[in-house]
Each structure stands twice: as C-alpha cells, then as structure tokens.
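Chemist: Structure provided below as structure tokens; questions to follow.
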Amino acid sequence: MILFDKKYTRYYHPLIFIAFFLFCSHFTSQAQKVDLNKKISLTADTSLSYILDQISRQSDILFAINHEQINDQQKVKIAATNESVTWILEKVCSQLGLQYTVVEKQVIISRKGEHKKKDLKPPTFTVSGNIKDKATGDLLIGAVVVAEELTQGTVTNPYGFYSITLPEGNYTLEYSYLGYDKRIETIQLNKDTGIYTELPERKLAFREVVVMPTLTGISPGSAPISFKAITIEEMPGFMGETEIIKSLQTFPGIKSHGDGSVFFYVRGGNKDQNLVLIDEAPVYNPSHLFGFFSSFIPEAIKDVKVYKNDIPLNIGGRLSSVIDIKTREGNMKRFGFQGSLGIASNRFIVEGPIKKDKLSYFVSLRKSNFGQKLLERGGFNFHDLNIKLNYQINENNRVYLSGYNGKDDYRVPGSETGHFGINWLNSTLTLRWNHVFNNKLFSNTTFHTSKYEYNLIISERNGQFWNETITNGTLKTDLNYYYNPSNTFKFGININGHFFNPGNLSKGFDAGIPFIPQKNVRQAILYLSTNKQIGDKLSIRYGARFNIWQNTGPTTEYLMDSQHRIEDTLEVESGKVYHTYRNLEPRISASYKIDSFSTLKAGYERTLQYIQLLSNSISPFTTLDVWVPSGPNIQPQKADQFSAGYSRRFGKNQFELSAEAYYKRMYDQIEFRDHPDLFLNPLVDQELRFGKAWSYGAELLLKKPAGRLKGQVGYSYSRVFKKIEEINKGKRYPAIYDRPHQLTFAFSYDLSERWQLLTNWIYTSGAAITTPTGFYYYGGKSVPVYESRNNDRLPDYHRLDIGAIFNLNKTDEKRYRHHLKFNIFNVYGRKNPFALNFNKTGSHGKIVVPQNVLNNSQLLNTQIYLLGTIPSISYNFKF
Amino acid sequence: MKQLYYILFLLVLTACEKRVDWQLQKGDNDLLVVESILTNENKIQTVKLTKAVNEINAAPLPVSGADVTINDGNSTYVLSEDPQKPGVYTTAAPLICVVGKTYELMISYNGENYSATTYMVPVSRFQPLKYIQRPDGKYVITQISPPYSRKEEAMYTVYLDWSRVPGYETIDKGKTRALIYSYSFNSLSTNQIFAPEKETIAFPAGTVIIQKKYSLTPEFADYLKAVVSETEWKGGLFDMMSANTPTNLSNNALGFFGASSVVSDTIRVR
C-alpha cells in the first residue's frame, strides 16, 4: 500500500487534510463518565457543602462550585433512600434556585440560568514544570505526574518538562519515577502554577520490594523499551564491558547478528534500518573492534529508549527502529568522579557544577588498554569521549552543549609500505536550547552535526588510504503544546544537510583508478502529531511527517534504465537540485485501558529511509560498507507496519506482561546482483536490485523490574522474507536474519547486601545461510552450486553469561563507593558458528584454502566461530 | 602486562575454525560443465566436459559421447574425445586462435544442445613474480600479479617444478610440482582484501617456474572473479553473500567458454 506515490508527490492534499483534521479534532465533544444514575441514600438537613460532600463520598462524583456567587453554607433538606444522584441534585437545586451541569468529569453547581450567559466550563489552570534528580539535578525523562482526585496524569517529555491542565480545585499531585521516592504536592489550583520538583533516589533496604507506579493508559501506542544506565550495569558484559546496544538482544524482536557483532535486526528490518541517536545526533557505526564492543559506555548515559514501532514523529529516517540515547547532564550539586578499570578498557567520568544549580559539566572517557607502543607493532586501540555542558539560564531556558567522539584504530605492520590498517571515527556535536514559552508550550531547538569516517590504510608510509565519509548537519525545532489533559500537540520542523563520500582513494594511486562521485542532499521535514484522550479508557496518537528530499550538486549522476544500463550522465553544478522526493509518513496508534492494570494497544505507521548501507556482507563485523543516499536510481525505502498488543501488570504491580504482534511490509528494498562490485565502482547503482520484503511475528515479554530478583523473560516468533528482481530466480527467500525463534532470560538477584548475582541466557534459531547443493570443477577448483538463496540454517545460537557484583563497602555511609564486577561470557563454551565453509583443506595442522590445484586437496566442511568462555573482572568506583 | 592484553585480544579476535559434519541439501546437479580456454598458443585446443557432483570431493563425472564443434566465422572445427582422457575433447590439429574473431562453441549431448560464444582480447607483457627465501632456505612466492588493475584484467598461472632439483628426484611428483592461479581484476572486493589464509607452497632453489598471463574479456573476468569469490576468497572474516557463478553457456550449463591471448616467461629460482 503506497499512500503517497511518486507520481502524486506534487499534491500536498493529504498533509493539508491531516493538519486540518488534527487542529480541528480537539474541538470535538468528549464522552463524560460521570455516573449520575448511581443510587445512594442521604438524609440530612444541613449545609449545601455537607450535602455535596456526602454525595461525593458515596458516588465518587466531584463537584465544583463558585464560592463567590453561591453560599455553600445555606441549608438544604433532603431525604433520599436508594435514589439516583440526579434525583437528589434536582431536589437540592430546586430548593436553592441552582442548576447543575456535567463538565470535564465534574458536576458544576451554578445559579439557575447562569450558563446561558457564560461559558459552561469551569476555569482551568495549568500546572507545569520539570522533575529532577535531587542528588544530581538531572532532569528525569518519563517521570509521572498524577492528579489523584481525577486520576489524570502526564509524563515528562524527553527534556524533563511536563504540563497538565486541570479544572480549578484542590488537588493532590503525585510525582513518581522508577527507582526514586515519590513526592506528594497538595495544591489549591486557582491560577497557573509552576512546580519544579526534585525526587530523591530510593535507597533500597535489603529485601525491600518496590511497587511500581501505575502508568497504564497515560500514553497511547506501544511503549518503547526504556532503561537507564543502572539497568545495563546489572547485566553481565563481555570482558567486563557493559553494553547498551548489545543488551538490546535480551528483548524480544531484537536479534543480534552473533558473537562479536554490533549489528542487530529489529522486526525483520536490515542492519542499516536502525537509527542510533546520541543527544539527537545520528551515529552511523556504533561499534568498536569491528563490533566486539558497542560505542557508548553506560556511565555516560542518562536514558535509552528503543522504538520498534510507534516511533515518535519528531524522529525518523530509518525503517525499523530508533535507539534514542540521552547522555547525562552533569551534576549540578556537587563534584563527582567515577571509573572502571577493566581488562579491555578503562573508563573515567568526571562531573560537577561550575556554578551550583546553574551550570554543570560532564566528561567521560573510555580508552582501550593497548597503548601506542603496541599499536606501532600492530594492534588495536579505541576510545569513547563524551562531553557535556548544561546551563540552566532560568526556569524557562536551558542550554546544552554535548559532544561524542569515538575512534577505532587497527594496524598491522607492513614490510615495504609501513602499516596497513583500518580506522573509523564517529563524532557528534549537539547544541540544544529548551525553552518554556508558557505553561502549555515547550520548545526544544537543536543544532547537531554528525560525522562518520572509515579509512582503509593501504600504506601509512606513503599516505595512501581509502576513505568513506558521511556527514550530516541538522537544525530543528520541536514544540509540545499541552492544550488540555486530553489533547497534546507535538509539531516541528527539521532542516538537514547530508554529504556522502561513498569511498575514494587518496592521492598517490594509479591515475586510472576511478573517482566515485560524492553526493549532497538537503532535506526538510515537517511533522505534526496529537495525543488525544477520549474518556477514561481510550487514547489515540496520530499524525504525519512530511519529507522533502533533494539531491543537489556538485556531483556526477549516472542515470540507469530499467535494465541497469547507463542511459544518461548528469554533470550537476554546485547547489543545483537535480532530483526531489516528497513523501508522507502517517502514523496512528491507540490504546484502550481495560482496567487499572491492563491495556490493549494497536497502531499503524509508515516509515521512510533515504540513506542506505551498500553491504553484501554476511560477516558479523563492520566492513568497508558505504552509505549512499536515495536519488534518481535509488528510491527511498518504505515500510508499513501494523501492530497490536496487550499489556498487563499483576502480582501487586510487580510483574509486567506484554504481548505484541506485528506485520510489516517493506518496499524498495535493496539487494545486489550476484557477486557485485561495490568497492571503488562509480557505477555501483548498476549492481543494485530492488524488491520488497515482509515480516511478521509475535513477541512476549514478562518483566519484573524491581525487587530482590529483577529481570525479564522474552520470547518471539518472527519471520522475514524478501522477493527481489533477479535474485533467487525472482522467487521469495528468507533474509539472512530470518531467525524464527528467540528466547531470552536476563535476571539479577540480590544475594545479600554486598553480593548481587547476574545472568542472561540467549537462544535464537540459526541464521539463514546459503549452502551448496553441489559442486563443479573449473581450473582445478571446486566451485559450489547453489539451488536457492538462504536455503539452509546455521546451528541454533545460544549462550549463557553470568556475573556477580561484590560491593566493597560494608555500609552505605562512605562517600567513596566501589565494587568488583566478575563476568563469565559464554559459560558453557558454546561454539556458535557464524559461517560455514566448503572450500578449505588441512595443511600442517591449519585449515587453509588450497593453492596447488595439482594436489587434488581433500576439502573439508568447516565452521567459523568466535569467543569461547571468557572470564573477566573489573573494578568500579565512584565518589 | 600489555603483552598479555595483546595476546588475549589476538586469541579473542582470531576466529576459530573447525571441521564439522554437514549434510548438504539435495539439489539438481545433473548439469553439464564446460571448461575451455582457447588461446593464441600453437597447440591442440581442448574443451573439457564434466557433470556437477552432489558431494564435496566427489570426482567429476566425465561427459563422453558429446558432439563438440568450434566455429570461428570461417571454419568449423570438430573436436573429438581424447581416448586417454574421457570428457576431454580436442581439435584434430593445433589451432592458433586470434584477436578479432568470434568463436562459437556448439555441444550436442543426450539430445540437448549447448552453445557459447567468446572472443579474445590482446595481452600485455607482465612483471615476473616475486618470491623470498624463508629461514629454512626454501622459497615462497610473495606476489604473482597486482590484485587490482584498472587497465587490464588478466589471469596468471604459475607452474612450479622442483622434481629435478637434486635431493627431490625420488620424491612423489605430486609433491614436487605445483600449479597456482592468480588474477588481476579491475575492481576490489572486501572478501578479497580480507581473504582467508592460503596453503603455503615452499620450493627449493633450482625450481623451474613457468609463468603465464592470460588476457580476459570483461565477461570472462566476471566469471573468474565469481569463481575465486566462491573458492579462494571464501571463508574469511568478511565474507560476501554466496551466489552461483555466471556463465556464457546456454541451457543451464555451468562453467565458461573463454579465449585468451597468452604470454609466458620461464625462470629458475636461484
């Protein structure tokens, strides 16, 4: 289903329609759930105030009365036995010349005839502000604010801001956040009010059970996977390195490529269909050591949200998922220093106020332990650096400046040419300004840049290398308008510029080596969405994202015909637009609250992707793959996803069960002709083949997020298939990441006040793989014959990791906190292969590719695997 | 301590490879395989016909009784099966193929007809291969051909013979001769750059080396690149998607009917 095909791209009617619909829809009437038919008994001869209070107690109906106009102490006589509230109100009002009206879940008492002159609605006022960590001043994302009297609530947005509009009255506001003590604020709401509150982190006594706040129904659609750094630290890590991206594979629907790989696949999407953001800037290759480690250290992370569907409209650009990482802001209260000394790397974090409660800094550094001397002999070196400045100008203005730099360097000595090697670099810079216009309108304006560079060093001595670069600059503004508790609007604009160098050699090579044209793109995005609460049970989020994507010069573009032959060559001048796409991404999701503990959710979304990784690799490691933009020859990828789910809390709110099913169709999917030339090929578009893919599956997740035993069990069944022109004779085939079954366990257990045990176990069906069904001989070589693509499967993948944290502090009194973390990766030494080979032979105790074709070498079936059992230890400290 | 880290990482990053029993899925392998390279050498030209096999290491089944002809636009050459080598069809007399002609191969076998056409491009001279001496006194080749050449794609064969070197005369000839292939293509692949380790062939001083360079048409180069991608370059840490090799033969036959200009050089290792 293509809602906005290229041929219709001149017409903006769908966007205009949706915008009009969104703006108008909040004026529609809403069903009220005040039950005036409820039977109660009440006999009294007393004040109006007392009567209304008694009715309220028996019927749970709230009353609002204007004390300046109505004396609530005037006497009323009533005698009712098992009568409806309506009957009683009629009697009361007739005695006092009053009338009643149901508005916004309340019964408004007013003078008779008054509503004809004035607006029926009682005055409403807005409570807004932010919620912070009391110890550090960090803004808390997703913290809950609930007005207990109305059971209405909201959550803080990604910038810690909240706004809730309520009718005039007295309220008890409960502020809560997982892992923090609640805070209760009692207010008399008769004017717009700002409440900027701080929550203290909960100091859990041993064996204490945490009761989760009831959040059900506050947000429509599917909740993202959300976790904090502390959650990641409570997982065993490879060589003591706790990993954000790798920990995702413990969630159903997210599948890792395998050991030593940072690649992951979400709901049948390819590895390049996941957007990783750090402080809103994209990171294109979040890996170290070819994927053995992922880029971000948990100590630098404040919050991670993973969207498999129902992606917020202010984020986009990938088909399958978004990993939205927010870094820590720096302690506004006091200086802090922490670190971790491990086998693979050391990590250090320093933070503190420059000006208390106004300006803070945060710096984290991870560096591998191999050193420059070793690097000169050949070896590995990587680092991660995060910096952040956080300036709170006043309660309405806050500015952040943050940056990330991660680099890998891998070199081996060369005899004649100096070192040969690979290095890659990710760097981002984000400048953010949060501004509160008023208690209903919040804005976040961001400028960010991102750069990814990959170098294959061919001769360090001669300065010869191959380089791929992608850079991006973005200016955007996101606005949140909290119209009323039932309607929140989010809208914004986003201007992007992209530059692609899809892989070129440096100077000093043969002049005959072709130059691969560099590409430039500019992009504008407008989006608009609304969260709408309909009654107590139903909430809907809907909206659309409109994209304009323009390829610009200077570049050379080779235009291909349908047979992949060059039909024209465009030499484009600087700044000139030579191709434009306009597309719309509509999204809608709804949740229905069955009761206080369970919710049904469903949604549809379209996602678009304009940049793609040209990778024919089946390796788990990052390789010389290049990013290229959509253009005349490459249509943007599109996906339509339908999902439905059910979630429930039970066991005194300690357990969460969620089940979700999805069906996704993906269009303009990219594959490559057999044995393509993707490297240094200016006509690389000729190597591409296009088609569709589709995936479906069901996911179950049982979580116990708090308590002495914490963790989760996940299971998913999923399939993904492709149908691409010319590939597999045009027949459908499973993708290499088609792994039907996935079962995961991840638990931590507080054995004592000083010992915590950690474990996770992961099982997935083996990846699809292409194996020969026969062989033929040519030039003395045994050449495989394949019947179909991905006809076979690798053995099932499973792995058990365990760990333990030993707290070296006997009491909580000392400021210097330190602990040891022990890990054993792949406890039972499972040999999980990532490749099967049929072309090697044994020679002098090694498995090698035969060279001498006269030998008639006996070939072996072999498998390649990584990582046996690996124990590790790290020392962690903080003060 | 740092050396320990280094060793540890090498252990971790060095992938382990082990033999495994693997049951291949069944496929239709009743396919004709054609192996033939016409050259400008003054020699009997051959066409080798076999069948694909179901199992790894299974001996190729020769195809006997086929009718094989080659037409160069002027003449048709009928090839006959070598009685000593089943499945190998030879021209009746030496045939020098030339640049500028198109050669058409016709095969009739079991009621099925197969055909292919090819042509020849010129070849340029080449630099001799490079070899070095190891500490044990034997030699190993370090480079036969540049792996990348934008200007000219080529195949190289290196025949090494040390069966007449003193001390090696009595050793089984299978262990004193080697034939190695090498290629220059006009593109590079990741699995080529990070190709798996190859068998080492060490030879003594006195070894005779015959090196030949074959010109390749773009189609023949594409075919050979696919062949090495599925054989020599397969099994490294950065593998590409497996796929069947292309062909210029009709009727689902496998292999390639090629034509190459050849230059050669002979050296003795000293």
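Chemist: Does B:Leu237 satisfy the condition of being facing chain A (nearest Cβ under 10 Å) and at pLDDT below 95? Spell out the reasoning first.
Modeler: Working: facing chain A (nearest Cβ under 10 Å): yes; at pLDDT below 95: yes.
So B:Leu237 passes the test.
Chemist: Quick check on the range A:111-124. Is at least one of its residues modelled with pLDDT of 80 or more and either touching a helix residue (DSSP H, G or I) at 6+ places or on another chain (Cβ under 8 Å) or over 30 Å from A:Phe337 (Cβ atoms) (or both)?
Modeler: So far as the range A:111-124 goes, yes, one or more of its residues are modelled with pLDDT of 80 or more and either touching a helix residue (DSSP H, G or I) at 6+ places or on another chain (Cβ under 8 Å) or over 30 Å from A:Phe337 (Cβ atoms) (or both).
Chemist: Which of the following residues is surrounded by fewer than 19 Cβ atoms within 10 Å (Cβ to Cβ), outside any strand (DSSP E or B) and either within 14 Å of chain B (Cβ to nearest Cβ) or in contact (Cβ under 8 Å) with a residue 40 or more places away in the chain (or both): A:Ala706, A:Ala644?
Modeler: The conditions single out A:Ala706.
Chemist: Let me ask something else. Among the residues in the range A:454-468, are any of a type outside the set (Phe, Trp, Tyr), more than 14 Å from chain B (Cβ to nearest Cβ) and buried (at least 18 other Cβ atoms within 10 Å of the Cβ)? Outline the logic, then answer.
Modeler: Taking the range A:454-468 first, the residues of a type outside the set (Phe, Trp, Tyr) are A:455-464, A:467-468.
The next check asks that each one be more than 14 Å from chain B (Cβ to nearest Cβ); those that pass are A:460-463, A:467.
Next, from what is left, pick out any that are buried (at least 18 other Cβ atoms within 10 Å of the Cβ): none.
There is no residue in the range A:454-468 that is of a type outside the set (Phe, Trp, Tyr), more than 14 Å from chain B (Cβ to nearest Cβ) and buried (at least 18 other Cβ atoms within 10 Å of the Cβ).
Chemist: Sticking with this one: Within the range A:669-683, how many residues turn out to be within 7 Å of chain B (Cβ to nearest Cβ) and closer than 19 Å to B:Ser149 by Cβ? Please lay out each step first, then the result.
Modeler: The initial filter retains those residues of the range A:669-683 that are within 7 Å of chain B (Cβ to nearest Cβ), namely A:674-675, A:677, A:679-681.
Going one step further and asking which of them are closer than 19 Å to B:Ser149 by Cβ, we end up with A:675, A:677, A:679-681.
Summing the residues that are within 7 Å of chain B (Cβ to nearest Cβ) and closer than 19 Å to B:Ser149 by Cβ in the range A:669-683 gives 5.
Chemist: Does A:Leu751 meet the test of being surrounded by 19 or more Cβ atoms within 10 Å (Cβ to Cβ), at pLDDT below 95 and more than 14 Å from chain B (Cβ to nearest Cβ)?
Modeler: Working: surrounded by 19 or more Cβ atoms within 10 Å (Cβ to Cβ): no; at pLDDT below 95: yes; more than 14 Å from chain B (Cβ to nearest Cβ): yes.
For A:Leu751, the condition - surrounded by 19 or more Cβ atoms within 10 Å (Cβ to Cβ), at pLDDT below 95 and more than 14 Å from chain B (Cβ to nearest Cβ) - is not met.
Chemist: Which members of the range A:586-626 meet the condition of being under 24 Å from the mean Cα position of the chain (by Cα), surrounded by fewer than 21 Cβ atoms within 10 Å (Cβ to Cβ) and either among the hydroxyl-bearing types (Ser, Thr, Tyr) or at positive phi (or both)?
Modeler: Scanning the range A:586-626 gives A:Tyr592, A:Ser598, A:Tyr604.
Chemist: Would you pick out the residues in the range A:556-570 that are over 19 Å from A:His498 (Cα atoms), of a type in the set (D, E, K, R) and part of a strand (DSSP E or B)? Before the answer, list the steps.
Modeler: Filtering the range A:556-570 down to residues over 19 Å from A:His498 (Cα atoms) leaves A:558-570.
Now restrict to residues that are of a type in the set (D, E, K, R): A:561, A:565, A:567-568.
Result: A:Glu567, A:Asp568.
Chemist: Against the condition farther than 26 Å from A:Gly535 by Cβ and among the hydroxyl-bearing types (Ser, Thr, Tyr), how does A:Thr43 come out, does it pass?
Modeler: It is true that A:Thr43 is farther than 26 Å from A:Gly535 by Cβ and among the hydroxyl-bearing types (Ser, Thr, Tyr).
Chemist: From A:Phe546, A:Phe499, A:Phe515, which residue is in contact with a Leu (Cβ under 8 Å, 6 or more places away or on another chain) and of a type in the set (Phe, Trp, Tyr)?
Modeler: From the options A:Phe546, A:Phe499, A:Phe515, the qualifying one is A:Phe546.
Chemist: Suppose we filter the range A:77-99 for residues that are more than 18 Å from A:Val34 (Cα to Cα) and among the hydroxyl-bearing types (Ser, Thr, Tyr); how many remain?
Modeler: 2
Chemist: So which residues in the range A:826-854 are out of contact with any Pro (no Cβ under 7 Å at 6 or more places or on another chain), at the interface with another protein chain (Cβ under 8 Å from one of its Cβ atoms) and of a type in the set (S, T, N, Q)?
Modeler: Listed by number, the residues that qualify are A:Asn837, A:Asn839, A:Ser843, A:Gln851, A:Asn852.
Chemist: Looking at (1) within 17 Å of A:Gly780 (Cα to Cα); (2) surrounded by fewer than 18 Cβ atoms within 10 Å (Cβ to Cβ), find the lone condition where B:Tyr183 falls short.
Modeler: The number of the failed condition is (2).
One line per residue, one yes/no per condition, for (1) in contact with a Leu (Cβ under 8 Å, 6 or more places away or on another chain); (2) crowded, with 18+ Cβ neighbours inside 10 Å; (3) modelled with pLDDT of 85 or more:
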residue	(1), (2), (3)
A:Asp53	no, no, no
A:Arg57	no, no, no
A:Ala64	no, yes, no
A:Glu68	no, no, no
A:Gln74	yes, no, no
A:Lys77	no, no, no
A:Thr86	yes, no, no
A:Gly97	no, no, no
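Chemist: Then there is this: Test each condition in (1) assigned to a loop (DSSP other than H, G, I, E, B); (2) surrounded by fewer than 18 Cβ atoms within 10 Å (Cβ to Cβ); (3) modelled with pLDDT under 90 for B:Arg164 and report the one that comes out false.
Modeler: Among (1) assigned to a loop (DSSP other than H, G, I, E, B); (2) surrounded by fewer than 18 Cβ atoms within 10 Å (Cβ to Cβ); (3) modelled with pLDDT under 90, the lone unmet condition for B:Arg164 is (3).
Chemist: Which residues, taken from the range A:454-499, are among the aromatic types (Phe, Trp, Tyr) and within 23 Å of A:Tyr162 (Cα to Cα)?
Modeler: To start, the set of residues in the range A:454-499 that are among the aromatic types (Phe, Trp, Tyr) comprises A:454, A:465-466, A:481-483, A:489, A:491, A:499.
Passing the criteria: A:Tyr481, A:Tyr482, A:Tyr483, A:Phe489, A:Phe491.
Chemist: With respect to A:Asn837, is the statement that it is closer than 22 Å to B:Gly236 by Cα and at pLDDT below 90 true? Let's see the steps before the verdict.
Modeler: Numbers: closer than 22 Å to B:Gly236 by Cα: yes; at pLDDT below 90: no.
In short, no.
Chemist: While we're on this one: Give the range A:158-175 a look and list any residue that's of a type in the set (S, T, N, Q) and surrounded by fewer than 21 Cβ atoms within 10 Å (Cβ to Cβ), or say none. Outline the logic, then answer.
Modeler: Taking the range A:158-175 and keeping what is of a type in the set (S, T, N, Q), we get A:163, A:165, A:170, A:172.
Within the range A:158-175, A:Asn170, A:Thr172 qualify.
Chemist: Mind counting the residues in the range A:855-879 that are touching a Gly at 6+ places or on another chain (Cβ under 8 Å), in contact (Cβ under 8 Å) with a residue 12 or more places away in the chain, buried (at least 18 other Cβ atoms within 10 Å of the Cβ) and at the interface with chain B (Cβ under 8 Å from one of its Cβ atoms)?
Modeler: 5
Chemist: Hey, another quick one. Could you run through the range A:769-808 and say how many residues are polar (S, T, N, Q), surrounded by fewer than 19 Cβ atoms within 10 Å (Cβ to Cβ) and more than 18 Å from A:Arg732 (Cβ to Cβ)?
Modeler: 1
Chemist: Restricting to the range B:254-270, and then to whatever is of a type in the set (A, V, I, L, M, F, W, C) and surrounded by fewer than 23 Cβ atoms within 10 Å (Cβ to Cβ), can you tell me which residue is nearest to the other protein chains (Cβ to nearest Cβ)? Steps first, answer last, please.
Modeler: Within the range B:254-270, the subset of a type in the set (A, V, I, L, M, F, W, C) is B:254, B:256-257, B:259, B:262-263, B:267, B:269.
The next check asks that each one be surrounded by fewer than 23 Cβ atoms within 10 Å (Cβ to Cβ); those that pass are B:262-263, B:267, B:269.
Numbers: B:Val262: 14, B:Val263: 18, B:Ile267: 18, B:Val269: 16 Å.
Across the range B:254-270, the extreme among qualifying residues is B:Val262.
Chemist: Can you confirm whether the range B:191-198 contains a residue that is assigned to a loop (DSSP other than H, G, I, E, B), at the interface with another protein chain (Cβ under 7 Å from one of its Cβ atoms) and under 28 Å from B:Val53 (Cα atoms)?
Modeler: Residues of the range B:191-198 that are assigned to a loop (DSSP other than H, G, I, E, B), as a first pass: B:194-197.
Restricting the remaining residues to those that are at the interface with another protein chain (Cβ under 7 Å from one of its Cβ atoms) gives B:196-197.
After this cut, where a residue has to be under 28 Å from B:Val53 (Cα atoms) as well, the list is B:196-197.
Looking through the range B:191-198, at least one residue is assigned to a loop (DSSP other than H, G, I, E, B), at the interface with another protein chain (Cβ under 7 Å from one of its Cβ atoms) and under 28 Å from B:Val53 (Cα atoms).
Chemist: Going by the conditions given, is A:Glu585 in contact with a Pro (Cβ under 7 Å, 6 or more places away or on another chain) and either modelled with pLDDT of 95 or more or over 27 Å from A:Leu479 (Cβ atoms) (or both)? It would help to see each step written out before you state the result.
Modeler: Values: in contact with a Pro (Cβ under 7 Å, 6 or more places away or on another chain): no; either modelled with pLDDT of 95 or more or over 27 Å from A:Leu479 (Cβ atoms) (or both): yes.
It is false that A:Glu585 is in contact with a Pro (Cβ under 7 Å, 6 or more places away or on another chain) and either modelled with pLDDT of 95 or more or over 27 Å from A:Leu479 (Cβ atoms) (or both).
Per-residue answers, yes or no, for (1) under 22 Å from the mean Cα position of the chain (by Cα); (2) within 14 Å of another protein chain (Cβ to nearest Cβ):
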| residue | (1), (2) |
| --- | --- |
| B:Glu35 | yes, yes |
| B:Gln45 | yes, no |
| B:Thr69 | no, no |
| B:Gly73 | no, no |
| B:Leu79 | no, no |
| B:Cys97 | yes, no |
| B:Met120 | yes, no |
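Chemist: On to the next question. So, of the residues in the range A:484-536 that are in a strand (DSSP E or B) and of a type in the set (Phe, Trp, Tyr), which turns out to be nearest to A:Pro123 (Cα to Cα)? Before you say what the answer is, go through the steps one by one.
Modeler: Here is the first cut: in the range A:484-536, the ones in a strand (DSSP E or B) are A:484, A:487-505, A:519-534.
The next check asks that each one be of a type in the set (Phe, Trp, Tyr); those that pass are A:489, A:491, A:499-500, A:527.
Details: A:Phe489: 21, A:Phe491: 27, A:Phe499: 52, A:Phe500: 55, A:Tyr527: 31 Å.
Checked the range A:484-536; the qualifying residue nearest to A:Pro123 (Cα to Cα) is A:Phe489.
Chemist: Something else about it: Can you tell which of B:Glu112, B:Glu153 is closer than 30 Å to B:Asn251 by Cα and crowded, with 18+ Cβ neighbours inside 10 Å? Give the steps one after another, and end with the answer.
Modeler: Numbers: B:Glu112 fails: crowded, with 18+ Cβ neighbours inside 10 Å.
Exactly one residue qualifies, and that residue is B:Glu153.
Chemist: While we're here: I'm told A:Ser788 meets every condition in (1) closer than 30 Å to B:Leu32 by Cα; (2) in contact with a Phe, Trp or Tyr (Cβ under 9 Å, 6 or more places away or on another chain); (3) within 7 Å of another protein chain (Cβ to nearest Cβ); (4) part of a loop (DSSP other than H, G, I, E, B) except one. Can you identify the failing condition by its number?
Modeler: Checking A:Ser788 against (1) closer than 30 Å to B:Leu32 by Cα; (2) in contact with a Phe, Trp or Tyr (Cβ under 9 Å, 6 or more places away or on another chain); (3) within 7 Å of another protein chain (Cβ to nearest Cβ); (4) part of a loop (DSSP other than H, G, I, E, B), the one that fails is (3).
Chemist: Among B:Tyr139, B:Tyr119, which is in contact with a Lys or Arg (Cβ under 8 Å, 6 or more places away or on another chain) and aromatic (Phe, Trp, Tyr)? Outline the logic, then answer.
Modeler: Working: B:Tyr139 fails: in contact with a Lys or Arg (Cβ under 8 Å, 6 or more places away or on another chain).
Of the residues listed, the single one that is in contact with a Lys or Arg (Cβ under 8 Å, 6 or more places away or on another chain) and aromatic (Phe, Trp, Tyr) is B:Tyr119.
The values are calculated or read from the model by the stated rules, or taken from the named source; none is laboratory data. The model shown is predicted, which means the values in this text are computed figures rather than measured ones. FYI the Cβ positions are ideal-geometry reconstructions off the backbone, even for glycines, and counts take in every protein chain you see.
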